[in-house]
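The values are calculated or read from the model by the stated rules, or taken from the named source; none is laboratory data. Worth saying up front: this structure is predicted, and the values here are computed from it rather than measured. In this analysis, Cβ positions are derived from the backbone assuming ideal geometry, glycine residues included, and neighbour counts consider all displayed protein chains. Heads up: the accessible areas ignore ligands, DNA and RNA and are worked out on the full protein's heavy atoms, side chains in. Shrake-Rupley method; radii C 1.70, N 1.55, O 1.52, S 1.80 Å.
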Amino acid sequence: MSGKGVILIGSPKPGRSTSLSIGEYLKTKLKGHGMEAVIENVGGFLKNENGPDDLVKLIQDHDQIILIFPLYVDSLPWPMTRALEEIHARGDLDNIKGKGLSSIINCGFPEASQIETATSICEMFARRMGMKWMGGLMLGGGGAISGNALESRGFMVRNVKRSLDIAAGNLSRGEKISDKAKRLMEKKLIPHKLYTAMGNMGWKRQGKKNGVDLDAAPYAK
Ligand SMILES: Cc1cc2nc3c(=O)[nH]c(=O)nc-3n(C[C@H](O)[C@H](O)[C@H](O)COP(=O)(O)O)c2cc1C
């Protein structure tokens with residue numbers, strides 16, 4: 001079994017996102033395993049009245065639906081929530097039943113466990129729609145990728161790439177994403193202390209650029 005896949009990117013960022021970097025890499029790996037996949041941005045389907053129906057048609061036309069998005073406030077970002085709500089609002093869609101649904105979520109905090117609730121939301125959606133839940137991959141410290149191609153991030157993303165390669169094999173064969181792929185994705189990219197130090201430096205740099213003093217404590221005595 002190979003079939004066709006659709007990778008739905010849910011990052012609200014207008015340009016490059018970590019979600020897109022993951023989606024592009026996964027697409028090449030799926031192709032290597034014999035599955036053709038297209039990448040679409042869910043936000044694009046929310047801009048006009050017919051968009052949600054087009055999104056439903058897209059899903060009906062594919063075998064594996066892979067949601068890739070960032071964690072926002074322990075949950076799904078608005079475009080992904082809205083897209084799922086629009087699909088759900090269309091009721092009992094026979095020709096969506098049995099399709100595979102999986103999620104790949106990245107977050108800004110270093111611990112992948114932050115993503116468990118959002119993964120459960122995707123699983124719940126799959127069950128409500130009668131889809132087959134294929135599993136979810138969770139990546140902490142997504143800021144270390146920051147929209148760069150995974151191929152350019154070297155050793156740091158070796159486990160992310162291995163995880164996606166295994167998951168691509170699983171999905172192209174119609175299997176659930178394996179525990180090995182899940183474990184590899186949850187491994188830390190860099191030591192947590194280093195990630196936090198780099199994050200703090202980044203915030204300070206942005207503050208300076210925008211004329212904001214991050215150490216300001218105007219209400220302190
Ligand atoms: C409004 C907003 C809410 C966020 N909420 C969380 C959160 O609850 N937990 C977390 O770890 N990261 C959070 N983040 C960080 C993003 O998940 C992180 O920057 C991610 O790598 C962005 O991925 P993307 O490039 O695919 O959009 C939030 C970011 C924004 C802008």
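Looking across the stretch 112-121 at every residue that is within 17 Å of S163 (Cα to Cα) and buried (at least 23 other Cβ atoms within 10 Å of the Cβ), the one that is nearest to the ligand (Cβ to nearest atom) is identified as I115. Condition (residue is free of Cβ contacts under 8 Å to residues at least 40 places away in the same chain, open to solvent by 70 Å² or more (accessible area, probe 1.4 Å) and in contact with a Gly (Cβ under 8 Å, 6 or more places away or on another chain)) applied to the stretch 122-144: is it met by at least one residue? Looking through the stretch 122-144, at least one residue is free of Cβ contacts under 8 Å to residues at least 40 places away in the same chain, open to solvent by 70 Å² or more (accessible area, probe 1.4 Å) and in contact with a Gly (Cβ under 8 Å, 6 or more places away or on another chain). Taken over the stretch 162-188, residues that are in contact (Cβ under 8 Å) with a residue 60 or more places away in the chain, open to solvent by less than 100 Å² (accessible area, probe 1.4 Å) and out of contact with any Phe, Trp or Tyr (no Cβ under 7 Å at 6 or more places or on another chain) amount to 10. Out of K188, K182, one residue alone is charged (D, E, K, R) and in a helix (DSSP H, G or I). It is K182. Residues in the stretch 59-75 that are open to solvent by 30 Å² or more (accessible area, probe 1.4 Å) and either in a helix (DSSP H, G or I) or not assigned by TED's automatic domain parsing to the domain that holds C122 (or both): Q60 only. Does the stretch 1-26 hold any residues that are open to solvent by 10 Å² or more (accessible area, probe 1.4 Å) and in a strand (DSSP E or B), and which are they? Listed by number, the list holds a single entry, K4.
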